[in-house]
Amino acid sequence: MGPNGLLSLRHYGASPGSHSHDHFQILLGLSGALDLEVAGRGVRVEPGGGCVIAPGDRHDFESTRGSVCLVLDSAHADWAQCASPRRATTPPADALPLAHYLASALRQGRPMAQAHGPALLLEAWLTSARPDASAPGPTRGRTIDWAALQQWAAQQWHRELTVADLAAQVHLSPSQFAARCRDDQGMGAMAWLRGLRLAQARVLRSTGMAVAEVAQRTGYRSPSALTAALRRAEHNA
């Protein structure tokens, strides 16, 4: 890996299992759709989309019909500024034509793409990550430890959790928590919670556990309810 990172074109299909890296991994979708679970969060990379995976974040991926992405593996510390939940799945407009150019250059073996492409991608992403000095910044309150909240929720599947339950756990009002979830996680609070429940169910199913047992452990009313939820998630992916 060079000083700024290594670019490659990758074809994705069936999931090889969960893993993590000691460097940042940046994906930009070129064709097809790639579904990922990144640190318990569902992410979909389609053409024109992308994501930044931080070092140590466990993730797995799958593309049922095949996907091609431009991938940058980089240890450059400045990528940390682009890896927050709000920015990690929103490539800047300037990065998209650049990604297509770099993909074409890699196919044709142009050496300048590998030499300068990683730095150009970082520059494009950082420019979009800098807040507009003329625009008022969002009001930030109490910091939410999302990993701790996820662990707490995973122990509560025996009961039906509400937004108010989640908010109380982090000492916020339901409306404040809902707004923070949209800002930090890019989705509504109940969508975030459903994603956690489904992710846990998939992990348990992958171990060979019976559907009935998985449903009981993850709080679904019945095995058929769990099966329907998994099918809906696959259909909407």
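The values are calculated or read from the model by the stated rules, or taken from the named source; none is laboratory data. In this text the structure is predicted, and so the values were computed from the model without any measurement. Neighbour counts run over all protein chains shown; Cβ positions are idealised from the backbone, glycine included. Ligands, DNA and RNA are excluded from the accessible area calculation, which covers all protein heavy atoms including side chains. Shrake-Rupley method; radii C 1.70, N 1.55, O 1.52, S 1.80 Å.
Among the residues of the range 147-156, the ones that are under 23 Å from the mean Cα position of the chain (by Cα) and open to solvent by less than 40 Å² (accessible area, probe 1.4 Å) come to 2 in all.
Taken together, Gly40, Gly17, Gly49 contain a single residue that is within 15 Å of Ala99 (Cα to Cα) and of a type in the set (Gly, Ala, Ser), which is Gly49. Do we find a residue being touching a Phe, Trp or Tyr at 6+ places or on another chain (Cβ under 9 Å), at pLDDT below 85 and surrounded by 12 or more Cβ atoms within 10 Å (Cβ to Cβ) anywhere in the range 96-108? No, the range 96-108 has no match at all.
Of the residues making up the range 174-205, those that are within 21 Å of Ala228 (Cβ to Cβ) and not β-branched (Val, Ile, Thr) number 17. Being polar (S, T, N, Q), farther than 16 Å from Phe24 by Cα and out of contact with any strand residue (DSSP E or B) (no Cβ under 6 Å at 6 or more places or on another chain) is true of Thr64. Within the range 102-127, residues that are more than 25 Å from Ala80 (Cβ to Cβ) and assigned to a helix (DSSP H, G or I) have Cβ atoms under 8 Å from residues that are of a type in the set (Ser, Thr, Tyr) and open to solvent by 10 Å² or more (accessible area, probe 1.4 Å) in these pairs: Leu106/Ser8, counting only partners at least 6 apart in sequence or on another chain.
Which is hydrophobic (A, V, I, L, M, F, W, C), modelled with pLDDT of 85 or more, farther than 21 Å from Leu36 by Cβ and loosely packed, with under 15 Cβ neighbours inside 10 Å, of Ala210, Ala133, Ala167?
Step by step, each of Ala210, Ala133, Ala167 is checked, and only Ala210 is hydrophobic (A, V, I, L, M, F, W, C), modelled with pLDDT of 85 or more, farther than 21 Å from Leu36 by Cβ and loosely packed, with under 15 Cβ neighbours inside 10 Å.
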